[in-house]
Amino acid sequence: MNDSVIKEPATPLSAEKSKAKTNVITEENNDAYTTVGQAFSEKAKMSMRDVDVFYGEKQAIYDVNLDIGTNEVVAMIGPSGCGKSTFLRCLNRMNDTIDTCKVTGKFLLEDQDINDKKMDVVPLRARVGMVFQKPNPFPKSIYDNVAYGARIHGLADRKSDLDDIVETSLQKAGLWNEVKDRLQQPGTSLSGGQQQRLCIARTIAVSPEVILMDEPCSALDPIATARIEELIDELSQNYTIAIVTHSMQQAARVSHRTAYFHLGKLIEVNETEKVFTNPDHDLTEAYITGRFG
Ligand SMILES: Nc1ncnc2c1ncn2[C@@H]1O[C@H](COP(=O)(O)OP(=O)(O)OP(=O)(O)O)[C@@H](O)[C@H]1O
Ligand SMILES: [Mg+2]
């Protein structure tokens, strides 16, 4: 995938098409942009409103409004640098760790404001877990990687309870059969695809409500990717998932709705099938047909 940042709105937009479609970004309406499609959900697990994000003086996200529905998988796509990771990180306050980063707007997890002073980020990040692009097992055994969060959050009183959590999480992550006889070996001794499933098991072990995934398969081969995609499908029975991906095939395979970002703006959100077959916005169409990105 091309790493360059798109600096200009996509061209060409034929005059006829531009007229037919709404919300084409121009210099004049740049700040007043409104997302097209269906950005909201009747059963919202998370609701984001009027979100702006700045790194120092530089604005990275412009007035984004989006719901993520309960047990829904929402894919976030768009050219490199368009703000997908920045937006995703807002959802469990990972941007708090970046000094220059300023986030404004409202973020509700059900009816709780996640930026409320009373909201502690540790339990928040247990409720809204994150899986990163590069598998990042702790330098601990397979067992201890999965048990880590459960120990911190005091989820198991007895060793047998912790054993149960570790086994169930590894099973849900589709890794149990491959590691059950080597639980005391280091997490880093696993293959890349296994490490990513280990990280998913570690995330699941604290019973999150929402799982954020930032390009979780980008370091994996097609077989490991297929396993993670199957897993996302299974996990969506019980969890709400937001996944950033550069693979449009992956977005099409795993998600219910797809959100297309461009230059920090949320251009379009629609049912995934619609986004990939008949998008509402020219910029979405240009991206999915490979004209840029
Ligand atoms: N820590 C940071 N400090 C300053 N600017 C940042 C920081 N992180 C991201 N940015 C800027 O914010 C914008 C959005 O970046 P972000 O990483 O969210 O994009 P992305 O859509 O996830 O891109 P990619 O597909 O390459 O991962 C970019 O212009 C980027 O340079
Ligand atoms: Mg990113």
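Mean-square fluctuations from a GNM of the chain, with a 10 angstrom spring cutoff on Cα atoms, peak among 169, 191, 255 at 191. For the chain, modelled as a GNM whose springs connect Cα atoms under 10 angstrom apart, the maximal fluctuation among 46, 76, 248 occurs at 248.
Computed on region 69-197, the Cα convex hull volume stands at 155 Å³ per residue.
In order along region 177-194, the Karplus-derived 3J(HN,Hα) couplings, from 6.51 cos²θ - 1.76 cosθ + 1.60 at θ = phi - 60°, round to 4, 7, 10, 4, 9, 9, 5, 8, 6, x, x, 6, 7, 7, 5, x, x, 5 Hz, and Gly and Pro are given as x.
Residues within the reach of a label modelled at residue 177 (point 7 angstrom out along Cα to beta-carbon, backbone nitrogen below 17 Å), restricted to region 202-228, are 223-228.
Across the chain, C-alpha contacts under 8 Å between residues 6 or more apart give a mean separation that, scaled by the residue count, equals a relative contact order of 28 percent.
Note on residue 140: aspartates and glutamates with a C-alpha under 17 Å away, same-chain residues under 8 apart excluded, are 163, 167, 181.
Per-residue ellipticity at 222 nm computed for the chain from its helices equals -9000 deg cm²/dmol, with DSSP H segments shorter than 4 residues left out and the rest contributing -39,500 (n - 2.57). Cα centroid separation, region 133-179 to region 39-63: 32 Å. A Gaussian network model of the chain, with springs between Cα atoms under 10 Å, assigns the largest mean-square fluctuation among 269, 122, 131 to 122.
With a threshold of 26 Å on the Cα-Cα distance, the over-threshold entries among 117/159; 45/274; 45/265; 58/84 are 117/159. The DSSP beta bridges internal to region 136-293 are antiparallel in roughly 60% of cases. Share of antiparallel DSSP beta bridges in the chain, in percent to the nearest 5? Looking only at bridges with both residues in the chain, the antiparallel portion is about 55 percent. Amide H to amide H distances under 5 Å link residue 262 with 267, where only residues 5 or more positions off or on other chains count and H is placed in the peptide plane. Placing R0 at 51 angstrom, the Cβ-Cβ distance between residue 118 and residue 34 gives a FRET efficiency of 0.95 after rounding to 0.05. Counted by Cβ distance under 11 Å from residue 261, the other residues give a net charge of +1, where Lys and Arg count +1 and Asp and Glu count -1.
Computed from the coordinates by the stated procedures, all read-outs in this text should not be read as laboratory data. Given the structure is predicted, the values throughout are model-derived calculations rather than measurements. In this analysis, Cβ positions are derived from the backbone assuming ideal geometry, glycine residues included, and neighbour counts consider all displayed protein chains.
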